[in-house]
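Asks: I'd like to ask you about the structure that follows.
Any read-out appearing in this document is the output of simple, stated calculations on the displayed coordinates, not a laboratory observation. What you see is a predicted model, and the numbers here were worked out from it, not measured in a lab. No Cβ is skipped: glycine too gets one built from the backbone with ideal geometry, and neighbour counts run over all protein chains shown.
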Amino acid sequence: MFKLKELDPRLKLTWCLFLVLTALVSRSILLNGILLGVILISELFSEKSLKAFKMLSIVLLIIGTQVLIINLIFGREGELLYAWGILQIYSGFIATSILAFLRIGIISFSAYQFGVHTDPMDMAQMLIHWRIPYRYAMLVPMVARFFPVMIGEYQSICNSQSARGVPNDTVVEKIRNLPASILPLMYRAMRISSDAALSVELRGYGRHATRNFQKKINLHPLEGMTIVCLMIGFGGVLIKTIL
Amino acid sequence: MKPIIQLDITALTFPDEPEPALKNIKLNINAGEFIAITGGAASGKSLLLHTITSAAPKFYPCAINGTVTVADQNVSKLPLCQMADYLGYMMQEPQNQMVNRRVTDELAFGVANLNLSQDEIEHRVNVVMDFLGIRAFSDRTTDALSGGQAQKVVLGSILAMKTPILLLDQPTAELDPKTSSELYRHLGRLNREKKVTTLVVMDKSGAVLKDAHRVLVMEAGTVKDFLTVSEYHKKYGCRKNNRRAKPFQVDERYDVIKLSGASHTYKGGITGCQPLDFSLKKGDFTAIIGQNGSGKSTMLKLIEGLVKPSAGSVELFGTPVTRKNVGELRRRVGFLFQNPDDQIFCSSVRDEISYVLKNKNLSAQQSEQKIQETLDLIGLAGLEEMHPQRLSRGQRQLLALGSVVINDPELIIADEPTSGLNAAQSQVVMEKLAHLSGQGVTILLVTHDLAEARDFANRIVVMHNHQLALEFEAPKMDNYLNDLVRLELIEGGDF
């Protein structure tokens, strides 16, 4: 069964770049709509649900509303529909808003899809394939591990301080108590980084010029062909737009 | 037998410190030996291990007058990463040492750095997963592991490298008694069968002594004694029974905490705890014990109002805990967390202790009196102006206790407050809790230390598989040993 996680990261990156660049180049609402649809369908096929996009969709709806309002007020494309003082509404504002919304949707959904469905270790291997020294490439999985740890640490500090009577329920209280939370967090961050650095050195990190992996990435010929097709496809869109 | 580790250190001194942190250490450790290291707070146990790995001075800058040799190599001449050929080192706080998101990637990290073949990496990872019983959670992300699971994963990553020397700094600090015994049994087997030289900084339980050959006793940065286990037992004796004499004054009519069918399920359907019916009477001192991942922490979070019950209800001081009143109720409760660094944030001991007094209408004189009383109680008088991070871990835990006690809480909830502390430090923290209990404060303690629960608590509650499985009077623990074995908390003959 089709699983996005199992695809080679180079194919996923090409797909992501294809979507982003096509969305930026093309002014066709139809093409952008199709691309957005393809992202959603591929997610649905792979994960059997669109749950991963839930939060992002809410954020996009808020942004979409802002885009609509801005285009409504400042859009000057199409025919003048209504004028009242300095407020002038033109007929093109809906098409422009839809195009902007689709573009933002494609860019954010495709980047999110790439980030969520690409294992950080696969990304590191991809960078190593591109001749990046492994000491730098391996920073990707390390950073991917560091973020949830620090979020957990911050949560645990907030919980323990909240339990200790430091008001930490509302946004205002959280902002007011930021120094109280940030100081121990910084201390913890420094300690974790220091321990992690020593731990990796003592586990032979940098001992050899190269390192191996338990599960290697492997570009299947079919995936290679898909990459070529995507590049040709983007070339086609580019030429069509220029002409 | 030929020594595999040789230390001849006259002095190891950190910059700006007048006194050496290690001094006059002359040690020979033979290949295949199993050494337990013990000593009081700041006695230099962890630093000794750092010195053997050459992390001091390469990672922690310091001046060493002397030499350290590992497998006939002067460690000062080897790059830090090359030490991986000779030794595996597991420090305290396993979560800090993991650098990969997936458990299997973490297990393979060290072996992959050694540039072994893919088949060999796969083989070694599979062997350690079976050896340490990691397979059950091998598909999890590392940030979702419990403390005990993280400890196993870090150890597994080191074992997979098959180094001839293992250095472990309190490897069982966050493990329940049964898992600790299992781990020491594994280490003992490795030592006997593979002749792996093992140095372990032992925790307060002393369970490692079953497998150790010799005990290194550190004091004030130097070796006080280097004894066989039997000599150590003769000289330092076993852990004494500290059962408190003062009776508990429990008011059976008043429930300080009441859980009625309260359960919690985390996102993704992971069970935190199944429906719990539990009450804590006024003046009681109840200890909750249970395996890692048995639901103890979730139960505390329910009581603290940090998570909402998925079903049932939670009452504190006879009032149902709601989002609106949780802040008010928390002011009557003191929480002591496992890691004191989570709750310490001020820049001096005095500021830390007096933080909660800011919201109270006390005169300067009253505040000062309370601060002094609290400092005397926790034994930190004279250190008022010191930065909390300069205190030892035990002192920081006492400071956290002081910052809780000064608020005159009616209930203290302590989540493994002695985890990572040595026997003497633990004793001090527990005696302070017992003192407060004697003054009528209700105490709920979560611990992995059964002796601590037996000696200081009035009642013991056992959690197993996210449920309350057993409850008994603490002094009668010996009558329930078979039940504790059945509930996988101890192994037969452990306690």
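Asks: In Å, the Kirkwood hydrodynamic radius of chain B over pairs of distinct alpha carbons?
Replies: 24.2
Asks: With each label point set 7 Å from Cα along the Cα-Cβ vector, what nm distance links B:ARG323 and B:ALA311?
Replies: Label-label distance for B:ARG323 and B:ALA311, simple model: 2.3 nm.
Asks: Something else now. Report the calculated FRET efficiency for B:THR271 and A:TYR154 (r = Cβ-Cβ distance, R0 = 25 Å), to the nearest 0.05.
Replies: Numbers: r = 25 Å, r/R0 = 1.00.
The formula returns an efficiency of 0.50 here.
Asks: What spacing in nm lies between the two simple spin-label points modelled at A:VAL143 and B:HIS233, each 7 Å away from Cα in the Cβ direction?
Replies: Once both label points are built, they end up 5.5 nm from each other.
Asks: Just checking the output field for B:72-84: average partner chain Cβ neighbours within 10 Å of each residue's Cβ?
Replies: Mean shielding by partner chains, rounded to a whole number: 3.
Asks: For the protein assembly as shown, give the magnitude of the charge dipole about the Cα centre (Cβ charges: +1 Lys/Arg, -1 Asp/Glu; no others), in debye to the nearest 20. Display every interim value, and only then the final one.
Replies: Values: 79 positive and 72 negative charges, 196 e Å.
Once rounded to the nearest 20, the dipole reads 940 debye.
Asks: Which is farthest toward the positive dipole end of the protein assembly as shown among B:LEU227, A:SER97, B:LEU329, measuring Cα position about the Cα centre, with Cβ charges +1 (Lys, Arg) and -1 (Asp, Glu)?
Replies: Farthest towards the positive pole: A:SER97.
Asks: Here is a further query. Strictly over 20 Å apart at the Cα level, which of B:LYS370/B:LYS432; A:LYS12/A:LYS216; A:LYS51/B:LYS301; A:LYS3/A:LYS215 would you flag in this model?
Replies: From B:LYS370/B:LYS432; A:LYS12/A:LYS216; A:LYS51/B:LYS301; A:LYS3/A:LYS215, over 20 Å: A:LYS51/B:LYS301.
Asks: Once you keep just the Cα pairs under 8 angstrom separated by 6 or more residues, what percentage relative contact order results for segment B:3-236?
Replies: For segment B:3-236, the relative contact order is 28 percent.
Asks: Right, here's the next one. Return the distance in nm (one decimal) between the two label points of a simple spin-label model at A:SER28 and A:ALA197, each offset 7 Å from Cα along Cα→Cβ.
Replies: The answer from the label model is 5.3 nm.
Asks: Okay, moving on. Need the full-extension length gain, B:ALA63 to B:ASN28, defined as separation in residues times 0.36 nm minus the C-alpha distance. One decimal, nm.
Replies: So the chain would gain 10.5 nm between B:ALA63 and B:ASN28.
Asks: Quick one: divide the alpha-carbon radius of gyration of the protein assembly as shown by 2.2 N^0.38 Å and tell me what you get.
Replies: 1.10
Asks: Past 24 Å, Cα to Cα: identify those pairs from A:LYS48/B:LYS267; B:LYS178/B:LYS267; A:LYS54/B:LYS324, in the order given.
Replies: Those over the limit are B:LYS178/B:LYS267; A:LYS54/B:LYS324.
Asks: Answer with one residue from A:SER162, A:ALA23, A:PRO120: the one whose Cα lies farthest towards the positive end of the charge dipole of chain A, charges on Cβ with Lys, Arg +1 and Asp, Glu -1.
Replies: Going by the Cα projections, it comes out as A:PRO120.
Asks: For the protein assembly as shown, what is the percent of antiparallel DSSP beta bridges, rounded to the nearest 5?
Replies: So the antiparallel bridges amount to about 60 percent of the total.
Asks: Rounded to the nearest 500 deg cm²/dmol, what is the calculated helix-only ellipticity per residue at 222 nm for chain B, with -39500 (n - 2.57) per DSSP H run of length n ≥ 4?
Replies: -9500 deg cm²/dmol
Asks: Here's something else I'd like to know. Please find the FRET efficiency linking B:GLU17 to B:SER348, where r is the Cβ-Cβ separation and R0 is fixed at 25 Å, and quote it to the nearest 0.05.
Replies: Calculated transfer efficiency: 0.75.
Asks: Here's a follow-up. Test of understanding: what is the full-extension gain from A:ILE175 to A:GLU223, defined as 0.36 nm times their sequence separation minus their Cα-Cα distance?
Replies: Answer, rounded to one decimal: 12.5 nm.
Asks: Also, I was wondering about something else. Taking neighbour Cβ counts within 10 Å as the exposure measure, how do B:ILE289, A:ILE94, A:ILE41 sort from fewest upward? Don't skip to the end; give the middle numbers.
Replies: Details: B:ILE289 29, A:ILE94 15, A:ILE41 11.
Least to most surrounded, the residues fall as A:ILE41, A:ILE94, B:ILE289.
Asks: Divide, for chain A, the radius of gyration over alpha carbons by 2.2 N^0.38 Å, where N is the residue count.
Replies: Dividing the Cα radius of gyration by 2.2 N^0.38 Å gives 1.33.
Asks: Something else now. Please arrange A:TRP84, A:TRP15 by counting, for each residue, the other beta carbons lying within 10 Å of its beta carbon, fewest first. Display every interim value, and only then the final one.
Replies: On the way: A:TRP84 7, A:TRP15 21.
The most exposed by this proxy come first: A:TRP84, A:TRP15.
Asks: Please go through the residue pairs B:LYS2/B:LYS77; B:LYS204/B:LYS308; B:LYS58/B:LYS162; B:LYS308/B:LYS476 and name each one whose alpha carbons sit more than 27 Å apart in this structure. Intermediate results must be reported in sequence, preceding the final value.
Replies: Details: B:LYS2/B:LYS77 21 Å; B:LYS204/B:LYS308 35 Å; B:LYS58/B:LYS162 24 Å; B:LYS308/B:LYS476 34 Å.
Violating the 27 Å Cα-Cα cut-off are B:LYS204/B:LYS308; B:LYS308/B:LYS476.
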